[in-house]
Amino acid sequence: MSNAATTAPAPAAPPPVEKIRIKVDGRDVEVPKLLPNWQGKLEPTTMLQAIQIAGGEVPHYCYHPKLPVAGNCRMCLVEFGTPMIGPDRKPVLNEDGSPKIAKSVLPYEPSTPRGAIACATPISPGMELYPNSPATKQMREAVLESLLINHPLDCPICDQAGECKLQEYSVQHGQATSRFVEAKVHKPKAVDLGPRIVLDDERCVLCTRCIRFSKDIAGDDALGIVNRGSYNTIAAWKEGAFDNNYTLNTVDLCPVGALTSKDFRFKMRVWFLKETKSVCTSCGTGCNITVGSREGAIHRYEPRENDAVNGPWMCDAGRLNYKWVAREDRLKDVLIRGAKAGWNTALKEISAKLAAAPQGSVALIASARQTTEELFLLGKLARKLGALTDSVPRLGEGDRLLVNVDKNPNMNGAWLTGVAAVPAAGGRLGLIAEAIRSGQVRTLIVFGEDVTKCGIGTDLLAKLETLIVSDILPSATTATATYLLPGCAHAEKRGTFVNAKGRVQKFMKAVEPKGDARAEWEFLHELVHNVTGQNGFSTIEGLFNQMAAEVPAFSGLEWAKLGDTGVTVQI
Amino acid sequence: MSTKVVDRAPLTFYERTYLPAILGGIKVTSKHLFNTLVKGKAVTMEYPEQKWVVPAGYRGAPYLVKDQDGATKCVSCQLCEFVCPPKAIKITPPGPEGQPADRANAEKMPREFEINMLRCIFCGFCQEVCPEEAIFLQKDYSLTGQSREEMIYNKEKLLKLGGTHAGIQKWKHKLEEAKEQETFPVPTP
Amino acid sequence: MDSIKYLDPTTQFVLFSILKVMLVFAVAMTGVAYSVLVERKVSAWIQDRPGPNRVAPFFVEFIPVIGPWLTRLGIFQPMADGLKSFLKEDFTPSYVRKVYFWLAPAIACVPSLMTLAVIPFGSTLGNAANKMVIADLNVGILYSFGIVSLGVYGIVLAGYAANSKYPFLGGIRSSAQMISYEIAMGMSVVAVFLLVGDLNLSSVVDYQRGGLHQWLIWKQPLAFVIFMIAAFAETNRLPFDLPESETELVGGYHTEYSSMKFALFFMGEYAAMIAASGMMVTLFLGGWSSPFGSEPAGTILGGLVHIGWFLAKVAALMVVFIWTRWMLPRFRYDQLMDLGWRRFIPLALANILVTALIVAFTHK
């Protein structure tokens, strides 16, 4: 096989993009006339996009690149000017021949600049934008001051503190003191918006990001604004009714601390969290996530933007599926027939047993929750031993947005490394059960699955000579294991998953493994070396690169080339 | 350039016999010995009997304080834990299931607040950073214990040692202000 | 007592010698303990401090007036110090050369105690045969120089065994310093023995016992000064404490030592001071004789008075040792070497020459 990934035909050259010349802060910039909007449709480029292309920044609350534009926070006001047109419909020129610019001013007050909201105003040829002019700064200051009028300033108890746009912009663009002397408007606090969301109305800046997300992205029009004037508040149509599988994205979206997660509420200040790039393991989509951990404890998952997989979103179920990593009953010790042992002894004994096992007397059941590298090593082991292999299927419900029907995060990895049965995983489980019953298979290797739940009951396991099990949490299988090797959760090791669409994505280690547990690929590497006599790599980078060289689908890939967002391969 | 050569006169023969140095030494030491022994002018402060007057503004051990209603002032913002240079402070936040604050409207207080007095360097950053005026460096400077565990002061101990610090009760004030306003949302007739 | 008289003279001698050894050892050790106290007290007073004034056994507080006064004086401090050195953790670092590391403190401590053997600390006690010196050697001074020169091995070995830079530097300094000053010291006493005409230390005392005017300090002032300064260098006392100078070498050769092993070095240093004082008293200050002239005692009381004179003189010299510590700053290494080799050795040689000439011309 030649390297498929690199020799794929180059995509056709994109059609020429129509450009517009404008000036940002006096510098000439050429920007595309049209840019994709939140849905990916081409729309006239806005002032905000143009300034971002020019390398500037415009503070904003309500604007979000993946949401429809609302233009209600007014934070992105920018002073601008357009070329002056004379009565003869011709541009008016300065003495040096350059076009004369008419700054936008109030209609009957020509000395007062009139800004435009950069998020919703399209640019026109020759336009001049002043994102750093004194007038722009004054506008921002004024907007921020009015946003803060009724803000409770309760940062010490607010979960958003540390990642709050109101805090950041107050420092960057705000005033140091408040001129407001009247009593603040007080609104309801700690409102129960839904099973996973708490709302603090006093902190809300009414940007409506959450409303737009629920309606336009999640398709659940559950939120809206009620009451008038200063008493505007966000509300669900019925108390506690904000309950779809994507509600927690509104917590990420909320630029202030109005919407907070019940799960993360008062748990840890965000500035203590170590952020580790990882991948969600709850289904085959493989949403990119950031693991927030402190001192070995995982506190939250947050989506990490990857337009090829999940955009900036992730589902609530996946986001909250992290607590099992810290479960008390995690397997922490190497056990030989129930007695505590060391890694060296166990691996030595297992290696000797496997090396002595006759061809075909070993079967291997892997898990599609394991990393591709581990499955690759298991495949090597199985080929050497002539073993029957399979993995366990795990199908469930999907949805139209992110949730995949396949609940295994690495089903494609199991297929590509040849461990799982084709075309449907689990097809050979019956065969393995039969071989155990007939006595042909004397040794069973199980990784990360409870085989008693898929047709190989404890009666069959009792017939085995040796049962080698590696898992993270205890199960009926681990209870009967001859050799029990404690493994690592994905957050405790490095590796790659291949998602349902064939995207190879790597994830990093966030926390240390519990007890004696070791990353599976580490001890598998040793085991494979002992049994097959082949030398392998003792680093994950080397192992991945070796796998890329040996597995056709991954040819041409390298660990370093995967980047943070992964590479799609042909499946 | 700016070097200054100091004129060092060579030692005279008398000086080179070390005699002036020895005589000078005898003079100085005898004077001090006489002053201490006969006049009783020892400068030592004999500690447990004589105690030092702690000056105002002294930075002793940091303790948590209560407000005038006897409620915990700390809201578990963890800024002191963040700023603490020797990492002496460890706060366990209440978490989603935790007990709310023991006063109305503050929502949050630490589940546990520990200061390891063995690590503490009495720098006062915690007091400076505290947005709630809940931690103060007080006058205690002689902290003793039988074990390392004993020197980790927990919330209960810190609050007991800290006493009361009357000040602006901002959360109470907010609550009163909110109550004064018309009820919200406006009740429909 | 009578039964002793019927023993043969050899057995009597052995028993009596064992008794003397035990007594001298006990007195020397107590002396060491209390010189530490004196050192701490004198240092404190010179530095405007009260010094150790707390330690006391529980019953002392019930004694009126005297009890608190003794406590204030720190009389019980040495007991606490001694107990502490036994109870402290005896820590042996992993990187040391273990055998030498354990051997060095003993080698440093023993020679200074052994020197005491030849010093006559009294005239006689009871009868004329009971001379108050453990070993009345006729080559006494040679013995003591021989033993003293062994003391350097303990320190050098400690510096080497610790396998660490500061002790090593301390050990090197010590070996150079002690060897240099031993020469000056040895040469300074030659003149004394030229006058006395006998190497036995008891004869040196006999030579001086006529009274204050007979003391050799008047006949050999230069030898006394050289001997005394060399003694400071030999015992590593300030201003010549370069082997352990805290400000430069942390603790010098005993940096890595703790507990009892450190205490042995400490005891060795003070025992050496006592031995050096004793030697000076014997050679220059009339030994056990009183300043008004004394005959060997015929009574037990007279013998005890002579021992008392000896101890008083030693104590006075110890105070000089301690006081000097606060009078003078530490010498620089090159100054130390310069003083030893280029001043004292020629001076001592000249002194020998002059004394020899005088002896030659006046000798009948």
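The values are calculated or read from the model by the stated rules, or taken from the named source; none is laboratory data. If you're wondering where the values come from, they're calculated on a predicted model, not measured in any experiment. Every residue, glycine as well, gets a Cβ built from its backbone with ideal geometry; the counts of neighbours run over all protein chains shown. The protein model used for the area step is the full one, side chains on, heavy atoms only, and it has no ligands, DNA or RNA in it. Shrake-Rupley method; radii C 1.70, N 1.55, O 1.52, S 1.80 Å.
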Compare the Cα positions of A:V143, A:G40, A:P68 along the charge dipole of the range A:19-147 (+1 at Cβ of Lys, Arg; -1 at Cβ of Asp, Glu; about the Cα centre) and return the one farthest towards the positive end. A:G40
Which of the three applies to the range C:238-326, rounded, prolate or oblate, going by the alpha-carbon gyration tensor with a ≥ b ≥ c and a/c under 1.5 meaning rounded? prolate
Over 32 Å (Cα to Cα) - which of A:K165/A:K262; A:K340/B:K155; A:K238/B:K66; A:K277/B:K170; A:K509/B:K160; A:K348/B:K90 fall in this group: A:K340/B:K155; A:K238/B:K66; A:K277/B:K170; A:K509/B:K160; A:K348/B:K90
Rank these residues by their accessible area, most exposed first, probe 1.4 Å: C:E39, A:E328, B:E112. A:E328, B:E112, C:E39
Based on the Cβ-Cβ distance from B:N35 to B:K160, what FRET efficiency comes out when R0 is 51 Å, to the nearest 0.05? 0.65
Rounded to whole angstrom, the alpha-carbon centroid of the range B:1-66 lies from that of the range C:157-171 at a distance of 32 Å
Toward the positive end of the charge dipole of chain A, about the Cα centre and with charges on Cβ (Lys, Arg +1; Asp, Glu -1), which of A:I20, A:G426, A:T466 goes farthest? A:T466
Whole-angstrom gap from the range C:291-355 to the range A:498-571, using each part's C-alpha centre: 82 Å
Could you pull the Cα extents of the protein assembly as shown along its three principal axes, largest to smallest, in whole Å? 140, 92, 69
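Per-residue mean of other chain beta-carbon atoms within 10 angstrom of the beta-carbon, peptide B:90-100? Present the calculation step by step, with values, prior to reporting the outcome.
Values: counts 1, 3, 1, 8, 3, 7, 9, 4, 3, 0, 2.
Per residue, the number of nearby Cβ atoms from other chains is 4 on average.
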Considering the options A:G566, A:V270, A:G536, tell which one lies farthest towards the positive end of the dipole of chain A, charges being +1 on Lys and Arg and -1 on Asp and Glu at the Cβ, about the Cα centre. A:G536
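With only Lys, Arg, Asp and Glu charged, each at its Cβ (+1 for the first two, -1 for the last two), find how big the charge dipole of the range C:1-55 is about the Cα centre; round to the nearest 20 debye.
Numbers: 6 positive and 4 negative charges, 59 e Å.
Roughly 280 debye, rounded to the nearest 20.
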On the full set of protein chains, 1.4 Å probe, figure out the accessible area of A:I225 and give it in Å² to the nearest 10. 70 Å²
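Mind checking which helices in chain C clear 30 Å along their axis (Cα) and have mean Kyte-Doolittle hydropathy of -0.5 or more, DSSP H runs only?
TM-like helix candidates: C:9-46, C:140-161, C:165-196, C:259-284, C:300-327.
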Low-density loop chymotrypsin sites (Phe, Trp or Tyr not before Pro), the range C:287-356, at most 10 other Cβ within 10 Å, DSSP non-H/G/I/E/B, are C:F292
What's the center-to-center distance, using Cα atoms, between the range B:117-170 and the range A:221-288 in Å? 36 Å
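Taking every eigenvalue of the Cα gyration tensor of the range A:441-542, multiplying by 5 and rooting it, what semi-axes result, largest first, whole Å?
Each semi-axis is the square root of five times an eigenvalue, giving 26, 17, 14 Å.
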Restricting things to Cα coordinates, could you compute the convex hull volume per residue of the range A:345-478 in Å³? 111 Å³
Taking just the alpha carbons, could you work out the radius of gyration and Dmax for the range B:1-88, both in angstroms? 28.2, 81
Among B:T12, B:T92, B:T36, which one shows the highest mean-square fluctuation when chain B is modelled as a Gaussian network with alpha-carbon springs under 10 Å? B:T12
Under the rule rounded for a/c under 1.5, else prolate if a/b exceeds b/c, else oblate, using alpha carbon gyration tensor axes a ≥ b ≥ c, the range C:5-138 is classed as oblate
Nearest-10 value in Å² for the accessible area of B:Y141, using the 1.4 Å probe: 80 Å²
Mind checking the angle between helix B:19-37 and chain B's longest principal axis? C-alpha axes, 0 to 90 degrees, to the nearest 10. 50 degrees
Can you list the chymotrypsin sites (Phe, Trp or Tyr not before Pro) in the range A:215-274 that are in a DSSP coil and have 15 or fewer other beta carbons within 10 angstrom? A:W237
Solution diffusion estimate, µm²/s, Stokes-Einstein, the range A:334-568, Kirkwood Rh from C-alpha pairs, 20 °C, viscosity 1.002 mPa s: 120 µm²/s
For C:F361, C:F101, write out the residues from largest to smallest accessible area, computed with a 1.4 angstrom probe and no ligands counted. C:F361, C:F101
Values of log10 I(q)/I(0), in the order q = 0.16, 0.20 Å⁻¹, for the range B:62-168 under a Debye, Cα-only, solvent-free model: -0.66, -1.04
Dipole magnitude of the range B:62-168 about its Cα centre (Cβ charges: Lys, Arg +1; Asp, Glu -1), debye to nearest 20: 220 debye
Distribution of pairwise C-alpha distances over chain C, 10 Å bins, in %: 5, 22, 30, 26, 14, 3, 0
Roughly what would the spin-label model give for A:E239 and B:Q181, points 7 Å off Cα along C-beta, in nm? 1.9 nm
Nearest 5 is fine: what % of DSSP beta bridges in the range A:334-568 come out antiparallel, could you say? 40 percent
Ignoring everything but the protein chains, give the 1.4 Å probe accessible area of B:E177 in square angstrom, nearest 10. 40 Å²
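In peptide A:144-155, how many Cβ atoms from other protein chains are near each Cβ within 10 Å, on average? Kindly include the intermediate steps, with their values, before the conclusion.
Details: counts 0, 0, 0, 0, 0, 0, 0, 0, 5, 3, 10, 4.
So the per-residue partner count for this stretch is 2.
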Checking the cross-link filter: which aspartates and glutamates have an alpha carbon closer than 13 Å to that of A:K380, excluding same-chain neighbours under 8 positions apart? A:E526, A:E550
With every protein chain kept in place and a 1.4 Å probe, the residues B:E176, A:E349 fall, from largest accessible area down, as B:E176, A:E349
Would you calculate the volume per residue, in Å³, of the smallest convex hull containing every Cα atom of the range A:19-147? 124 Å³
What GluC sites (Glu not before Pro) in the range A:18-100 are in a loop by DSSP, with at most 10 other Cβ atoms within 10 Å of the Cβ? A:E18, A:E95
